[in-house]
Amino acid sequence: MTDFKAIRIDKNDHGHHADYVVMHEGDLMEGDVDVDVAFSAINYKDGLAVTGKAPVVRRFPMIPGVDLAGRVTRSAHPEFAPGDMVVATACGLGEAHYGGFSQRARLSGDWLAKLPPPLTPARAMAVGTAGLTAMFCIIALERHGARPSDGLAAVTGAAGGVGSFAVALLAKAGWRVAAVTGRGAEAEYFTRLGATEIIGRDEFDAPGRPLQKQRFAVAVDTVGGVTLANLLAQIRIDGAVAACGNVGGMELKANLAPFILRGVSLLGVESVRPRIGLRRAAWTRIAQGLDPALIDAMSEIIPFDAALDRARSIVEGKIRGRIVVDMGLNLPARDAG
Ligand code: NDP
């Protein structure tokens, strides 16, 4: 395959524009591994990139897509050989380096992991940056010393990609989990993921008192803003919030009281840097811990032609779970592969 299809974002005097284009191998950026991309996935950040709603793209033109999985076709990296099935998430993909919304990728082998068994490429993309970030949040809470016996765990933005995986992974680790969501009507979905309670997100929407009733031992927060301030005010003594997202705002106007009167900790989580050891450990835990049928229940597969529209709509908070993009390599999506 020399010519291939990609989504490209251009920014020039005429503005910011994303569209499908045909590209050639010579257009690719530097890298020691070439990959035929079989599946990608749509993350909130990809929505910001294609719409230009936030400056996540650091150079133009750019191929968005922070996640990709596929087959190695060329490698000058000692750990990979042609035919290997691999996965890459974040590491600057779709921001500073051409990303996964492309049928072909050239990237650093240091950003790649071999496909973690028993995950197929499509299921690895159903997990993707969202699942990995959720796992990083749980690892951060565990490093803090939190244990399921401490009490209830809350997850905000629970119907989203990160939120859905946070609910499922916390439940799998033995936590009782409260899903904080604007989609309380989808009770069946949250119960299937393992949530024991559903709480309306409107309870966290308005600024509240600095110290509120202690409801949660820990929380994974994907929303930020006022929601995070309220969450901090409802964490029990010595509890912690792993904060990774900002769909509700980047600003945090919080009071010190939870920190200095209840010993609450705010743990920042990012999944962008390679840290391949941590990534592989997280992949192994996810791959071995989550039932494939549950991963399928959290994800929908769409053709590449539909990816641009869906990426635009993720910033409106309208997507449930994960959207996996079939790049047209004809690998089976669900069972083999
Ligand atoms: P999604 O769009 O899939 O999910 C976000 C969810 O948040 C929505 O489904 C909705 O859930 C809820 N939501 C949306 N808008 C609002 C709002 N205005 N107020 C309150 N809740 C809202 O996004 P992702 O799961 O992909 O990402 C979530 C966040 O995590 C993003 O900010 C993203 O940038 C960040 N992120 C950070 C990473 C890192 O490295 N730190 C890595 C990956 C993601 P519901 O309907 O249940 O209320």
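Taken together, the values in this text are just the output of simple stated rules run on the coordinates, not laboratory data. Since the model is a prediction, treat every value here as computed from it, not as a measurement. Reconstructed Cβ throughout: ideal geometry from the backbone, glycine too, with neighbour counts over all protein chains shown.
For the reader, a short list of remarks on this structure follows.
- Neighbour-count ranking [beta-carbon atoms within 10 angstrom, fewest first] of T120, T222: T120, T222
- Degrees between helix 276-289 axis and first principal axis of the chain (Cα, 0 to 90, nearest 10): 70 degrees
- Here V218, V21, V155, V177 are placed in order of increasing Cβ neighbour count within 10 Å, fewest first, which gives V21, V177, V218, V155.
- Sparsely packed trypsin sites (Lys or Arg not before Pro) within the range 174-227, loop by DSSP, other Cβ within 10 Å at most 14: K213
- Note on the chain: percent of Cα-Cα distances in each 20 Å bin, starting at 0 and stopping at the bin with the largest distance, equals 33, 55, 11, 0.
- Convex hull of alpha carbon positions in the range 129-268: directionally averaged projected area 7.0 nm².
- With only Cα atoms counted, the range 265-337 has Rg and Dmax values of 15.3, 47 Å.
- Loop-resident trypsin sites (Lys or Arg not before Pro) (DSSP state other than H, G, I, E or B) in the range 300-333 with no more than 16 further Cβ atoms inside 10 Å of their Cβ: K318.
- Only Lys, Arg, Asp and Glu carry charge here, each on its Cβ (+1 for the first two, -1 for the last two); on that basis the range 129-268 has a dipole of about 280 debye about its Cα centre.
- Distance from the alpha carbon centroid of the range 264-317 to that of the range 1-56 works out to 19 angstrom.
- Debye equation applied to the C-alpha atoms of the range 1-136, log10 I(q)/I(0) at 0.17, 0.19, 0.21 Å⁻¹: -0.85, -1.05, -1.26
- Per-residue Cβ neighbour rank within 10 angstrom, fewest leading, D10, D326, D309: D309, D10, D326
- Of all DSSP-defined beta bridges confined to the chain, some 55% are antiparallel rather than parallel.
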